Amino acid sequence: MGTAESVFSDFFFSLANVNAIQILDIVLVALVFFLTLNLLRRSRATVLFRGALVLLAIFFMVTVFLPLPTFDYILELLLIATLIATPIIFQPELRQLLEELGRRVGRFGLRRQATETALRPISNTAENLSGRGIGGLIVLEGSDDLTEIMQTGVPVGSNVSTELLQTIFYDGTPLHDGAVMIRGDRIVAAGCVLPVSNRQLYSNQRRLGTRHRAAVGLTETSDALVVVVSEETGGISVARNGRLQSDVDKTTLREQMHNFYQRGEQAGESNVSRQIWTQFTQWVRGGLHLPSREDLLPTLTLMVVATLLALATWAFVIQETNPIREVRVEDIPLQIVGMPSNTVLRTEPSERVSAVVKAPNATIDSLGTGSFQAQISLEGLAPGLHRVPVSIESSARPVQIVSVNPANADIQLAEVVTRTVEVQIEATGPQLPSPALELRDTPIVTPTEVVVSGAAALVEMIDHAVVDVPDIEAAGTVRRLQPVLLVDRDGEVVRDVEAQPEQVQLGFTVVQRANARDVAVRVVTDGAVPEGYRLSSLLAAPAVVTLLGNEAQLAEVGNVIPTLPVDLSQAVEDITIQVPLNLPPGVEAVDEQGETVRTALVTVEVDERTDNRVVTRQVEIDGAAGLSVEISPQTVDLLLSGPVPLLEEIEAEPRLLRVVINASELSDLDSGETISVAPTIIAPDNVRVRLSTEQIQVTAP
């Protein structure tokens, strides 16, 4: 169990995010607790239940406010034992409650049993009372609940018997003047007071006494059947549906009661759902009856206790089924809102923050960085240094932000100022790709000034704006937009300042020089590579040079300058060699940097030519001294692929290529047995060999 702060924090978090379904759940649980406490209110179980609640509250407070892990563990075991022991401790009350509920809701199920067990004792009692001149009033409850009438008498709670009924109506007992209430096959109460009828009776009934009027009065408002025995005449009467049938004999009485029970049973079987609902609502109404003034305070106390128990139960179930957890969410994007006009940020806050959040376990599983929005508001702030709190909101529900890291951001705001600065060219000219090109005029920048805006301290640092001249690939006129850079007096770039316009147009013209020409270097070769080899690559570095001389000489050279011849007759491997350029007299060669070039680095790459050959070889037995076997076939054809010199060497020296069977593979060969063996090929490297026959048949004689 957590600390008191965490327990109450989790509870109030869950309570703050309760939805309509959960509210209904809490209300229904509170109603069940209230009805249960109200039913146990006047029983011995109330004291025991109150003691259990006090003990549970003490244990809860101890475990919450004190870090006692061992005691917490013992308490958890005790709670489990309490749940098991509760039905045993409250067994009498639970049994009584279930019996009462079953009796109320399932009364129609007792009709048949009441017909068999109650009919005879009631009829015998009426006959005996009539013979002795003793008055009696017996009420048989129907489908309508008569609990209010039963509460006016003395509870009995006994089975129906002739002896008990006669004892109750005996003239010397305190209960003989009231009515006996029978529900099913049990006597519920005696000495009950019935409502008296006020309507005009028939002429032959006008002299009837209070018992008869009470019987008629009760049947006018309910579907009960009332048996009346007159104390004056000894006559037996039956009242039902507001009508009184006088002077009935024993047979008629039994028929009336039998019909009453049978019709009640059939009505109950035909409309069970309606009767269950009626009995249930009556039971709830009984638990929710309006209290008297003296009973108001205890009832309100029960309501408060029931509500607290419902909330505690709900919080416990929520914590067990969907517990509240705290997790840290990293890399939440931070946004800046409410930037004041004419101000700019001098210090940028962290782009991302983290947060510790609290949420139910099911919600945490779906959380991600996109579920949160972090921001700092700068609205209404003046230029200067400020510490602004970081706020985080979540699109997921329910989620509580516990803490934010960092909780605040230090922001420096500066007033925005503007000024005009000159645009200068960074280099004296463009970076030309060849000495054969030259710049005809000075580059021109349009416009020559730009407006810079930003923080006052940064704008004051700017000395001028510069623009780079781009590299040129060929002669021609260049018109190009180039970005400007704002620099200080030391030439260092000043950041976080804007320039308008951000780009300026740079224009200049590049032309070909009359006494210079770019030409390619051509490698001149002498002889051919040896037979069996081929020339795969011939390269010169530099590949292009610039020739300087008069126009007539350059015209004679053309677009290619040769090297002196390179001998290839002995080139059986790659060669790298410096070879002089064959320059005409008075012509100079330079590279891109203008350095004089007299030789070129020539790289000659040669490869061996490859070919395919088919040769035939005898199959040999390696280590076959004293071994006599028959081989089929004795010779095999081989397809060779590889360099031509190596193939020619194999043809000149046959022992370089052999087909061999190891004798160890034939050691277990029995006489007359034939096996298939894959031969081994012995060949030089760089030669691929493929056999015409994969297997050789070897037979022992």
Q. Restricting the search to the stretch 405-417, which residues are in a strand (DSSP E or B) and not charged (D, E, K, R)?
A. N405, N408, A409, I411, Q412, L413, A414, V416, V417
Q.
Could you go through the stretch 415-423 and let me know if any residue there is surrounded by 15 or more Cβ atoms within 10 Å (Cβ to Cβ) and closer than 26 Å to Q505 by Cβ.
A. yes
Q. Which one of the conditions (1) over 25 Å from V459 (Cα atoms); (2) among the small types (G, A, S); (3) in contact (Cβ under 8 Å) with a residue 40 or more places away in the chain; (4) surrounded by fewer than 15 Cβ atoms within 10 Å (Cβ to Cβ) does A407 fail to meet, given that it meets all the rest?
A. (3)
Q: Specify which of the listed residues (G153, G184) is under 22 Å from T221 (Cβ atoms), of a type in the set (G, A, S) and touching a helix residue (DSSP H, G or I) at 6+ places or on another chain (Cβ under 7 Å).
A: G184
Q. So which of G454, G507 ends up being at positive phi and either in a strand (DSSP E or B) or in contact with a Gly (Cβ under 9 Å, 6 or more places away or on another chain) (or both)?
A. G454
**Q.** Which numbered condition G380 fails, given (1) surrounded by fewer than 17 Cβ atoms within 10 Å (Cβ to Cβ); (2) in contact with a strand residue (DSSP E or B) (Cβ under 6 Å, 6 or more places away or on another chain)
**A.** (2)
Q | For R397: the one exception among (1) at positive phi; (2) in contact with a helix residue (DSSP H, G or I) (Cβ under 8 Å, 6 or more places away or on another chain) | A | (1)
Q: Using the structure shown, decide if V421 is modelled with pLDDT of 90 or more and either in contact with a helix residue (DSSP H, G or I) (Cβ under 7 Å, 6 or more places away or on another chain) or of a type in the set (G, A, S) (or both).
A: no
Q) Within the set of pairs 6+ apart or on separate chains, which have a first residue in the stretch 241-266 that is acidic (D, E), a second that is modelled with pLDDT of 85 or more and surrounded by 13 or more Cβ atoms within 10 Å (Cβ to Cβ), and C-beta atoms under 6 Å apart? A) D247/G235
Q) Can you name the residue in the stretch 361-404 that is touching a residue at least 60 places away in the same chain (Cβ under 8 Å) and outside any loop (DSSP other than H, G, I, E, B) and, of all such residues, is farthest from Q319 (Cα to Cα)? A) I392
(Q) Among (1) part of a strand (DSSP E or B); (2) touching a residue at least 40 places away in the same chain (Cβ under 8 Å), there is one condition T420 misses while meeting the rest; what is its number? (A) (2)
Q: Considering each of D496, D471, D490, D441 in turn, give the residue that is at pLDDT 85 or above, loosely packed, with under 14 Cβ neighbours inside 10 Å and not in a strand (DSSP E or B).
A: D490
Q) In this structure, does A362 turn out to be surrounded by fewer than 12 Cβ atoms within 10 Å (Cβ to Cβ) and over 21 Å from A456 (Cβ atoms)? A) yes
Q: Only residues that are without any contact (Cβ under 8 Å) to a residue 40 or more places away in the chain and either within 18 Å of R522 (Cβ to Cβ) or in a strand (DSSP E or B) (or both): list them for the stretch 550-561, please.
A: Q553, L554, A555, E556, G558
**Q.** Failed criterion for S692 (all others in (1) modelled with pLDDT under 85; (2) under 60 Å from the mean Cα position of the chain (by Cα) hold)
**A.** (2)
Q. Inside the stretch 157-231, counting only strands (runs of 3 or more DSSP E) that do not spill past its ends, which hold 1 or more residues that are at pLDDT 85 or above and more than 16 Å from I122 (Cα to Cα)?
A. 186-192
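The values are calculated or read from the model by the stated rules, or taken from the named source; none is laboratory data. Keep in mind it's a predicted model, so treat the numbers as computed, not measured. Backbone-built Cβ (ideal geometry, glycine too); neighbour counts: all protein chains shown.
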